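See structure below.
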Amino acid sequence: MNKEKILKIINELLKKKSSKLNSVLSKKVDELEAKITEIRELEKAINFELSQGEKEELEINLESSKETEDTQIEEIISHFDMSHFRMLIEKIALSDTQAKILDSMMDGLEWLTKRSYFFVKRGEKLVCFKSSGTKTNKPSGILISFSLNTSLKYIFEKGNFYYGKPDNFDEEYILTKKLEQPEPQEILVLPIKIKGKTMAAVYIDNKGEKIKNTDALIILATVTSMSLDLLPIKKWVTSTFGENVETSKKRKVQSNEVIEGEEETIEIIEEKLSPEEEKKHKEAKRLVNVIMSDLISYNKDKIKQGIKEGNIYKFLRNEIDQAAAHFYNKIPEEIWKRENYFEKALIEKIAKGNKDLLNGFKFKSE
């Protein structure tokens, strides 16, 4: 799909959104006209002389009402300037480097939201590399385990956006505690994709306030994904926000602290496996399926007891350790380091998604 076709699609989307905005403004105008008519009818109904003080009070109230309505309309227009949005989208679509695309996306997030975060997946960790609307707008160093049941995990696995309450994910509180206060009442989480695979995610909490212009934010993320998809080279591409790639230093996130004096970098990688690598990954998946099937079939009672008492590993220590040893002996390190199918299946199939039930097991992905 070429850029001209993308711009055509974008323009169609913008026309629809523009029509929706005009409808909202038209409704506001109708409401104002109705109020004016009502006031005029009241004026006609008044058949007695008002005192000077009463007249002044009435004029103040009417003026205040008018200012409130004008402010509401101004807020709608200023918050969503269609021409500015169109320029922003075109800038993203026409950018020829990953750095420019992501830079423009962050500009859009800063304009449309009060607070947002940009996350990428690194092994079994989700790392925040950039934020908007925070105290410094620099990488916060937020790290969170991918195995936790959070909205971010949902985005990376399902590839769909999420808009709603954060407590719909039972371990979301672990993530929100790492973010700046206040805790959000609602969130919007958007996938950033390359070749149909989610490679990063935008997390929007709007500083605990209601999120506006969700449609515009979805378009922003979609156009960003499409633009990244069109870049001729996307394998092992390192980009910085607003900085020269050649002069930037790679920032290694080793803790929850930001390293002073180092420029933040991100890597969005299109994982293109060779036929041989694909074959090895399929073998690893098949082996894990067999291992998990055996663990479940022969240890149902122990698993139930472990769930009941809050620690499956306590009852299945020998069986799990033997299964792990078998997996790591059969599968090359370069395969399981890229994707640890055994640990992922252990959490999802044995512990039913609750990693805490495996307390005591030594995860290699941590």
>> I'd like the full set of residues that are without any contact (Cβ under 8 Å) to a residue 24 or more places away in the chain and of a type in the set (Gly, Ala, Ser), limited to region 325-366.
In response: 325
> Of the residues 158, 195, 153, 177, which single one is touching a residue at least 60 places away in the same chain (Cβ under 8 Å) and either closer than 29 Å to residue 344 by Cα or in the same structural domain as residue 341 (by TED's automatic domain parsing) (or both)?
Replying inline: 195
> Does region 149-167 hold any residues that are touching an Asp or Glu at 6+ places or on another chain (Cβ under 8 Å) and of a type in the set (D, E, K, R), and which are they?
Replying inline: 165
> Filter region 105-139 for residues that are among the small types (Gly, Ala, Ser) and crowded, with 22+ Cβ neighbours inside 10 Å; which is modelled with the lowest pLDDT?
Replying inline: 131
> Given the residues 223, 202, which is the only one that is under 17 Å from residue 85 (Cβ atoms), surrounded by 19 or more Cβ atoms within 10 Å (Cβ to Cβ) and at pLDDT below 90?
Replying inline: 223
>> Let me confirm something: among 302, 272, 280, 234, which residue is of a type in the set (Lys, Arg), modelled with pLDDT of 50 or more and part of a loop (DSSP other than H, G, I, E, B)?
In response: 272
> Which one of these does residue 167 not meet: (1) outside any helix (DSSP H, G or I); (2) of a type outside the set (S, T, N, Q); (3) under 27 Å from residue 365 (Cβ atoms)?
Replying inline: (1)
>> Given the condition within 15 Å of residue 145 (Cα to Cα) and out of contact with any Lys or Arg (no Cβ under 8 Å at 6 or more places or on another chain), answer yes or no: does some residue in region 323-339 qualify?
In response: yes
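The values are calculated or read from the model by the stated rules, or taken from the named source; none is laboratory data. This one's a predicted model, so the numbers in the text were calculated from it and none came from an experiment. Note: ideal-geometry Cβ built from the backbone for every residue, glycine included; neighbour counts use all protein chains shown.
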